[in-house]
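Here, each number is a calculation from the coordinates, and none is a lab measurement. If you're wondering where the values come from, they're calculated on a predicted model, not measured in any experiment. Cβ placement follows ideal geometry from the backbone for every residue including glycine, while neighbour counts extend to all protein chains displayed.
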Ligand code: MN
């Protein structure tokens, strides 16, 4: 579903550039946040179709940011994919249990990234008033 807006939350500049380049080349529009606080503000303001959420952020964890998105009715239904460099055994189960809609480990496989984005993009729909 190209053309959808995706919020990329990532504090590593190189990873951010990679995600942006890949998503834009595929036809998606992107919003960028390098902190959890920025992400919450942009998500509430723009209602993106999907959020890619880095787990290690400067001001709060991606898990905390997810939990705050879920408790705000403006952002509660936006699908959120966890992106983590931790890559520890049991990560997927842990992040799915935390409420993420999907999980990607770094280094991110581009085909896997795009497959996940396509699968989840717009799945929850927008809030009725948007
Ligand atoms: Mn990070």
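Of 111, 91, 101, which is the most mobile in a GNM of the chain whose springs link Cα atoms less than 10 angstrom apart?
Of 111, 91, 101, the most mobile in the Gaussian network model is 111.
Identify which of 98, 43, 33 has the largest mean-square fluctuation in a Gaussian network model of the chain, with springs joining Cα atoms closer than 10 Å.
Looking only at 98, 43, 33, the biggest GNM fluctuation is shown by 98.
Would you mind giving the average projected area, over all directions, of the Cα convex hull of the chain in nm² with one decimal?
Numbers: hull surface 27.8 nm².
Taking the Cα atoms of the chain, their convex hull projects to 6.9 nm² on average.
How big is the gap, in Å, between the Cα center of the stretch 31-53 and the Cα center of the stretch 71-119?
Using only Cα atoms to place each centre, the spacing works out to 14 Å.
Just want to confirm a number: the relative contact order over the chain, from Cα pairs under 8 angstrom separated by 6+ residues, in percent.
Details: 220 pairs, mean separation 30.8, N = 130.
Here the relative contact order equals 24 percent.
Return the distance in nm (one decimal) between the two label points of a simple spin-label model at residue 87 and residue 119, each offset 7 Å from Cα along Cα→Cβ.
Spacing of the two 7 Å Cα→Cβ label points: 1.9 nm.
What's the FRET efficiency of residue 71 with residue 94 using the Cβ-Cβ distance as r and R₀ = 25 Å, to the nearest 0.05?
Values: r = 20 Å, r/R0 = 0.80.
That pair, residue 71 with residue 94, gives E of 0.80.
Tell me what the chain gives for mean residue ellipticity at 222 nm when only DSSP H runs of n ≥ 4 count, each as -39,500 (n - 2.57), the sum divided by the residue total, rounded to 500 deg cm²/dmol.
Numbers: 5 runs with 53 residues, N = 130.
-12000 deg cm²/dmol, from helical runs alone.
Given the options 70, 24, 14, which has the most mean-square fluctuation in a GNM of the chain, springs set between C-alpha atoms less than 10 angstrom apart?
The residue that fluctuates most here is 14.
DSSP beta bridges in the chain, what fraction antiparallel, as a percent rounded to 5?
On the way: 1 of 18 bridges.
Within the chain, antiparallel bridges account for around 5 percent of the total.
Report the calculated FRET efficiency for residue 46 and residue 106 (r = Cβ-Cβ distance, R0 = 25 Å), to the nearest 0.05. Please report the intermediate quantities before stating the final value.
Values: r = 25 Å, r/R0 = 1.00.
According to the calculation, E is roughly 0.50.
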